[in-house]
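Written out below as structure tokens is the structure these notes cover.
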Amino acid sequence: MEDLKIKGGYVYDPLNGVDGDAMDVLISGGKVVEKVGRDAKVIDAKGKLVMAGGVDLHSHIAGSKINIGRLMRPEDHRKDVVPRTRVTRAGVGYSCPSTFVAGYRYAQMGYTAVMEAAMPPLGARHVHEELNDTPIIDKSAFTLFGNNHFTLKYVKEGDLEKLKAFISWLLRATRGYAVKIVNPGGVENWKWGKNVGGLDDLVYNYEVSPRQIVTMLAQANEELGLPHTIHLHCNNLGVPGNYETTIDTMEAVKGIRPADGRKATVHVVHCQFNSLDGDNWMNVKSGASKVAKYVNANEHVTLDLGQAIFTDTTTMTGDGPWQFRLWNITGNKWVNSDVEMEAGAGVVPYTFKKDNPANAIQWGIGLELALLIEDPWRVYMTTDHPNGGPFTFYPTVISWLMSRQARTDLMREMNKSVLRRTTLPNIYREYTFGEIATVTRAATAKALGLKDKGHLGIGADGDVSVYHLDPTAWRPSMYRDLEKSLARAAYTVKGGEIVVKDGVVTATPLGSTFWVDSKIPEKLEAEVMKEIEADFDKYYTVGFRNYPVEDAYLPTGVRMETKGRWAR
Amino acid sequence: MAVITDVVCPFCGCLCDDLEITVEGNEIKGAKNACAISRSKFMSHGENRIRTPTVKGKEVSLEKAVEAAAKALASAKRPIVYGLSSTECDAIARCVELAEITGGVVDNTASVCHGPTILALQQVGESKTSLGEVKNRADLVIFWGSNPPAAHIRHFVRYSVTPRGLYVPEGRKGRYVVHVDVRETPTSRVADQFIKVDHGGDFELLLALRAAVRGAKITEDISGVPAEEINALAKRMKEAKMGIVFFGLGLTQSDGRHMNIDVAVGLVAELNHHTKFVLTPMRGHYNVAGANTVTTWQTGYPYAVDFARGYPRYNPGEYTAVDMLAKGEPDAAIIVASDPAATFPANSAKHLARIPTITLDQKVTPTTMLSDVVIPVATAGIEVEGTAYRMDGFSLRLSKVVEPHGGVKSDREVLDMIIERVKALKEDA
């Protein structure tokens, strides 16, 4: 691959303190370097915006949930068809894009790494099959732990070391990257048609509480020194008044000592859905300012938005009881999918409407969180694709973050609830380009522990996005231009290769899949494996030896070895 | 002699993964834990194999057969790719790609079995589960229009009736088993209760059950089932700790078709207001679920996908193989791991004989006999590794226990060769 010189663009690289300086980015051998050869290919980026490739830390792009969404929604595909080209495969888009199209569209926006946020262990092979059909972008998948039989068992026994061993084993078996928790305890209870109502409710048969599950998993996660914190979908999602549960949950993991090199012990996902105040959907109001106040005062929390978009989309979570509730609210079609011994999921189509008071408030909450939380290194831009809306709306979300006028123009068309029941109209903050680079790249890569991503320092991955936008001439009134430029990158470079030019995909390499290999002390491993295998033989319907994902499913796997702190 | 353990069975949607295959040299000598059908598939996989590729009945080299196949497909205006359900997922993905590059149609056997199940899912959804949840929790198991002893032999033992589970430690004694069907079958003999429904009366009976679950008192007999039996079953369903309906082609391919599933889904959804209830289709071919799964992630649609406009379109009834062939639409066909000449209506099968048909299979079938090009391939799950999806949508790794018979290539390899040649021919044109 030839060397590359991205010449003279306005570079925003917050991890290296670069804030809009006109400079060159040089790439050789897929990495950012100090010098390139004289015959390096030159990309003229003069007058253009240059950032590292985007890093999305929470999206649903691969596996059984999104595929159920695709399967159940032919009507979603019909309005957004993608013909084949000489370089790219045919497919469909909108809220449940086919795998190929998901890869292309992320790259077209300048994104080069995307994390699949919920992988049921039994469905891990499926997730990896789909990731292998998702071109261009680098990926990883977060393994579900919060309702797993062995998690609940070791939490009940209070055996932290065995829990750590189990986490290490399951991450390895599923080729997973992080500990994902969805409605801890609630999904297990849903297998009896029930739920949990708060942090101190009990899980049937196991007699443990969500509080115990979350704190012990967080403790284990930090002692293992996993690259990312626990990735937590809190209890009571979508329930008015749930901001209290959210803050309680954050508070519950406050005392835990973080792994070396970071301050965070928890990442709270799609926090918009968990920052509702009020008692019911009639008097619901924003609880975002309370959540933001807590986050501003507590360094151990990071979160992402799950910004709501006014469009027809497909909700899909590992939170079976919530999806059942949403089906009852909407009357839309509903798929529920339980996974033996470990997880569950549900899928329900949903339309966020401007004239719906609750939706208008939800829209406001996402932006309030982004604008009221002062530290952009701890609040990340997502739509929880496709739950709040398709990822293809990221440029629109960025325009809202960067332009108060964009927000005001839209609020004029919306239900007045957004004016009365959120604080958004009184917020004047507008993100800078540096802050956008932070919440879409630098901070997400840092939170994920992907040291070579999210920045353009020497040795970083050669993942770069260049946009047709002159940041020195841009004003917030030009928010529509911003949206347009961000939607179609002038160039996306992935691993030193030009993969998008003027918004058109020009090459489709297969990106890497990162997974974590956490070493377990030998004696403990033998002991825990024996226990796991015994329960497997009794309660699973697949054999213990057929359960782990085989190497064949990771043709571009990248193993990240970690060594934790172990007591025995 | 070598014993290979934890082998996944490539026959039905149960994907039993505890087989022990004994191999001596390159021959399979034993298949422990296998059911009768599975044992037969393993033990006689080497019998009656197609020995060499043929074009119009003449034995040719693989390259020549591939060339003939590629020419027919590249020059066709309306080619169809059909089958897919009895091979591994990589091969299925190649079938989708082949349809895409030829601007043709790709369809799988779901269109003649559980296609209506998917149509219902697209209308109203589905509350489903992995099979282990049934083993661990279900105390009420209903087989509706399905007969596992004939089609899914180890289903009762591994998943649904006798296994001891986490919350059903008693096994069979901890479960109440109901069989609903138009006639008694071996399933009825295993069940605690058999309910005989009139031919074509499933829809009404399911609707009545749903009404009863909602609190209506059924006062007249429905579809030949006494009112008190319906009310009692509704009560039993509501009072179950966890219940499941396993439904088969008796529901999807009888009068009402997808509407039967629609109302069954509604009944089950209704029950979730009272307890935990789910339903699961009894998928037949071992990887028909994989055919749907792969086609869906690649195109957005599970079967009946048309690429004539360069992008995928979906319309069961129009782009389904039976219908297209009956209308005489395709001008070339490639059949992978399936035998439509034996299973399709005569009109559809006849059209296959009229057009250039290419078939990839291990053994001589009615379809290979009417095909212009026949290419022998290795058996996925015996001679080739790969992925297959169980009836509940979870995937397992298929094993290779012996070398391919006569050194033949896999479906995937042959399809790769055809794709490469089709691309080249299209470039030249």
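Readers should treat all values here as calculations from the given coordinates under stated rules, not as data from a laboratory. As the structure is a prediction and not an experimental result, all values here were calculated from the model. Note that we place each Cβ from the backbone using ideal geometry, even for glycine, and neighbour counts take in every protein chain shown.
Details
- For the Cα trace of region B:115-281, dividing Rg by the Kirkwood Rh returns an Rg/Rh value of 0.93.
- 3J(HN,Hα) along region A:129-145, derived from phi through the Karplus expression 6.51 cos²θ - 1.76 cosθ + 1.60 where θ = phi - 60°, amounts to 4, 6, 4, 5, 9, 10, x, 6, 6, 7, 9, 7, 9, 9, 7, 6, 10 Hz, with x in place of Gly and Pro.
- Ascending count of other beta-carbon atoms within 10 Å, so fewest first, for A:THR508, B:THR219, B:THR387, B:THR187: B:THR219, A:THR508, B:THR187, B:THR387
- Percent RCO, i.e. relative contact order, over chain A, from Cα pairs under 8 Å lying at least 6 residues apart: 21 percent
- Helix-only arithmetic for chain A: the sum of -39500 (n - 2.57) across DSSP H runs with n ≥ 4, divided by the residue total, places the mean residue ellipticity at 222 nm at -9500 deg cm²/dmol.
- Projected-area average for region B:256-385 over all orientations - Cα convex hull basis, square nanometres: 10.6 nm²
- Among B:ASP107, B:ASP331, B:ASP306, residue whose mean-square fluctuation peaks in a GNM of chain B (springs only between Cα atoms under 10 Å): B:ASP331
- In region A:178-305, taking the dipole from charged Cβ atoms about the Cα centre, the farthest positive-side position among A:TRP190, A:VAL239, A:ALA178 is held by A:ALA178.
- Close amide H pairs (under 5 Å, H built 1.01 Å from N) link A:ASP138 with A:ALA113, A:VAL114, A:SER512, residues at least 5 positions away or on another chain.
- Helix content alone sets the calculated 222 nm mean residue ellipticity of chain B: runs of n ≥ 4 DSSP H residues at -39500 (n - 2.57) each, divided across all residues, give -10500 deg cm²/dmol.
- Phi angles of region A:391-401 translate, via the Karplus equation with coefficients 6.51, -1.76, 1.60 and θ = phi - 60°, into HN-Hα couplings of 4, 5, 8, 3, x, 5, 4, 4, 5, 5, 5 Hz per residue; Gly and Pro are given as x.
- Aspartates and glutamates with Cα under 16 Å of B:LYS32, excluding same-chain neighbours fewer than 8 positions away: B:ASP6, B:ASP17, B:ASP18, B:GLU20, B:GLU24
- Residue (of A:GLY557, B:PRO148, B:ALA70) at the positive-pole extreme of the protein assembly as shown, dipole from beta-carbon charges: B:ALA70
- Hypothetical label at A:GLU299: residues of region A:248-269 whose amide nitrogen lies under 15 Å (7 Å Cα-Cβ projection): A:254-266
- Percent breakdown of C-alpha pair distances by 20 Å bin, ordered from the shortest bin, for the protein assembly as shown: 14, 45, 35, 7, 0
- The amide H of A:VAL558, built 1.01 Å from its N in the peptide plane, has A:THR513, A:PHE514, A:TRP515 as neighbours under 5 Å, considering only residues 5 or more places off or on other chains.
- Put in order of Cβ neighbour count within 10 Å, fewest first, the listed residues A:PHE100, B:PHE203 become B:PHE203, A:PHE100.
- Here the Karplus relation 6.51 cos²θ - 1.76 cosθ + 1.60, evaluated at θ = phi - 60°, turns the backbone of region B:8-14 into coupling constants of 8, 7, x, 10, 10, x, 6 Hz, with x for every Gly and Pro.
- When the C-alpha to C-alpha distance is required to be over 31 Å, the pairs from A:LYS290/A:LYS416; A:LYS293/A:LYS354; A:LYS153/A:LYS563; A:LYS139/B:LYS71; A:LYS162/A:LYS451; B:LYS64/B:LYS400 that qualify are A:LYS139/B:LYS71.
- Looking at region B:24-110, the GluC sites (Glu not before Pro) that sit in a DSSP loop and have at most 15 other Cβ atoms within 10 Å of their own Cβ are B:GLU47.
- Placing unit charges on each Cβ (+1 for Lys and Arg, -1 for Asp and Glu) gives region B:115-281 a dipole about its Cα centre, and among B:PRO116, B:GLY171, B:VAL225 the Cα reaching farthest toward its positive end belongs to B:GLY171.
- Between the beta carbons of B:ALA227 and B:GLN123, assuming R0 = 22 Å, the FRET efficiency works out to 0.15 to the nearest 0.05.
- Ascending count of other beta-carbon atoms within 10 Å, so fewest first, for B:CYS89, A:CYS96: B:CYS89, A:CYS96
- Its alpha carbons give chain B an Rg and a Dmax of 22.7, 72 Å.
- Charge dipole magnitude, Cβ of K and R +1, D and E -1 - region B:115-281, Cα centre, debye nearest 20: 840 debye
- Region A:159-257: trypsin sites (Lys or Arg not before Pro) in DSSP coil with no more than 15 other Cβ atoms inside 10 Å: A:LYS254
- Summed residue charge, Cβ within 11 Å of A:GLY462's Cβ, Lys/Arg positive, Asp/Glu negative: -2
- Amide proton proximity set for A:VAL266, modelled H, under 5 Å, gap of 5+: A:THR302
- Cα-based Lys pair tally, region A:492-557, threshold under 29 Å, eight or more apart or on separate chains: 4
- Net charge over other residues, Cβ less than 14 angstrom from the Cβ of A:GLY20 (K, R count +1; D, E count -1): -3
- Within region A:335-361: backbone nitrogen closer than 20 Å to the A:LYS416 label point (7 Å, Cα to C-beta): A:353-361
- Extension gain for A:GLU374 to A:ASN205 (0.36 nm times residue separation, less C-alpha to C-alpha distance): 56.6 nm.
- Among the listed pairs A:LYS164/A:LYS254; B:LYS128/B:LYS276; A:LYS156/B:LYS173; A:LYS156/B:LYS135, those beyond 21 Å (Cα-Cα): A:LYS156/B:LYS173; A:LYS156/B:LYS135
- Paramagnetic reach from B:GLU59 (point 7 Å along Cα→Cβ, amide N under 15 Å) across region B:403-429: B:406-408
- Placing +1 on each Lys and Arg Cβ and -1 on each Asp and Glu Cβ, with no other charges, gives the protein assembly as shown a dipole about its Cα centre of roughly 700 debye.
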